[in-house]
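Novice: Here it is, the structure in full.
The values are calculated or read from the model by the stated rules, or taken from the named source; none is laboratory data. If you're wondering where the values come from, they're calculated on a predicted model, not measured in any experiment. Here the Cβ positions follow ideal geometry from the backbone for every residue, glycine too, while neighbour counts run over all protein chains shown.
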Amino acid sequence: MDYEYSSNAHRELVAAYRADEPPFPTDDSRVYPRREFLRDEPLLLKQLLFPRCWNGTALLDDPDETRGHLTALGTCMRKGIGAYSGQDGDELTETVDRTLDRLPTIRRALKQDAEAAYKGDPAAKSYCEIIRSYPGFHAILTHRVAHVLYEADHPEYARELAEYSKTETGIDIHPGAEIGECFFVDHGTGVVIGETATVGDWVRIYQNVTLGALHFEEKEGAEHMLAKDYKRHPDIGDHVVIGAGSNVLGPVEIGDHVSIGANSWVTDDIPDDTSVFVSEHPEQERKPNH
């Protein structure tokens with residue numbers, strides 16, 4: 001059975017494209033360098049969510065063209081979900097429709113993420129630079145879609161999308177992680193966010209940060225089997241900054257307005273309005289090479 005998108009997200013998206021205002025891109029005449037992808041979903045997603053940045057200007061004034069892109073993306077999703085799912089054709093179509101119907105809402109969230117990146121990085125020159133070039137933005141774009149699939153009980157296909165995003169960005173966000181508004185990962189290489197982590201609004205994370213598990217429980221009565229479906233990862237509050245190389249491990253609670261300095265190791269709760277940092281760094285020694 002072929003898939004054809006038949007709901008209303010194409011009209012909502014076209015209306016949203018028309019409503020864009022600076023500093024988001026509004027010039028419909030620009031053509032950007034091609035980017036090659038190993039699977040079809042990433043480019044379709046990026047053109048649907050930010051067509052002006054991804055040579056998708058045909059979508060801007062044509063709901064039918066936008067609907068065609070939704071159908072192409074939905075066909076990929078239906079195949080991907082169907083590979084793991086026991087759902088019949090009608091159930092698969094309903095699942096894909098519900099996912100694609102969320103794209104206008106996801107686009108609004110991503111515009112807030114772009115704003116957070118621009119405000120949070122002194123090196124950022126434009127929103128289009130962020131949308132096209134920043135690995136943290138690419139990672140959260142995929143994650144916000146993968147998380148919808150995860151919540152719809154399709155974790156395997158959601159994980160496929162997340163893993164492909166990791167190959168592009170070096171950022172590993174499990175699709176089960178719950179991430180709030182205005183999220184920014186700067187640089188990003190080596191960032192890991194575990195399945196049961198939650199992240200609040202206006203959180204900024206730097207490279208090589210882990211929001212991970214401190215230890216793992218074994219499943220009772222099953223040799224060499226780790227337990228599943230229990231809380232293992234931290235909860236991060238609002239307006240939190242986590243510096244490069246830091247590890248926040250276990251089901252700890254990090255309060256609002258917390259700053260965690262670079263290379264910190266956090267395994268306990270941190271209250272609101274607190275700074276955490278390594279107070280004594282190893283002394284550096286120098287000697288001449290000759």
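Novice: Among the residues of the stretch 250-290, which ones are farther than 15 Å from Asp238 by Cα, among the β-branched types (Val, Ile, Thr) and either in contact with a helix residue (DSSP H, G or I) (Cβ under 8 Å, 6 or more places away or on another chain) or outside any loop (DSSP other than H, G, I, E, B) (or both)?
Specialist: Val266, Val276, listed by residue number.
Novice: In the set Gly212, Gly255, which member is without any contact (Cβ under 8 Å) to a residue 60 or more places away in the chain, closer than 23 Å to Gly188 by Cβ and not charged (D, E, K, R)?
Specialist: From the options Gly212, Gly255, the qualifying one is Gly212.
Novice: His233: outside any strand (DSSP E or B), modelled with pLDDT of 95 or more and in contact with a strand residue (DSSP E or B) (Cβ under 7 Å, 6 or more places away or on another chain), yes or no?
Specialist: Yes.
Novice: Do we find a residue being without any contact (Cβ under 8 Å) to a residue 24 or more places away in the chain and either assigned to a loop (DSSP other than H, G, I, E, B) or surrounded by 20 or more Cβ atoms within 10 Å (Cβ to Cβ) (or both) anywhere in the stretch 98-118?
Specialist: no
Yes or no, residue by residue, for (1) crowded, with 21+ Cβ neighbours inside 10 Å; (2) under 20 Å from Thr267 (Cα atoms); (3) touching a Cys at 6+ places or on another chain (Cβ under 6 Å); (4) not aliphatic (A, V, I, L, M):
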| site | (1), (2), (3), (4) |
| --- | --- |
| Phe184 | yes, no, no, yes |
| His187 | no, no, no, yes |
| Val192 | no, yes, no, no |
| Lys228 | no, no, no, yes |
| Lys231 | no, yes, no, yes |
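Novice: Among (1) surrounded by fewer than 18 Cβ atoms within 10 Å (Cβ to Cβ); (2) more than 22 Å from Tyr118 (Cα to Cα), there is one condition Leu13 misses while meeting the rest; what is its number?
Specialist: (1)
Novice: Sticking with this one: Would you call Ala222 more than 19 Å from Gly176 (Cβ to Cβ), small (Gly, Ala, Ser), at pLDDT below 95 and more than 22 Å from the chain's Cα centre (by Cα)?
Specialist: yes
Novice: Looking at the stretch 13-53, which of the residues that are farther than 23 Å from His138 by Cβ and touching a residue at least 40 places away in the same chain (Cβ under 8 Å) is nearest to the chain's Cα centre (by Cα)?
Specialist: Filtering the stretch 13-53 for residues that are farther than 23 Å from His138 by Cβ and touching a residue at least 40 places away in the same chain (Cβ under 8 Å), the one nearest to the chain's Cα centre (by Cα) comes out as Val14.
Novice: Got a sec? Which of Val266, Val278, Val241, Val248 is over 22 Å from Gly120 (Cβ atoms) and touching a residue at least 12 places away in the same chain (Cβ under 8 Å)?
Specialist: It is Val278.
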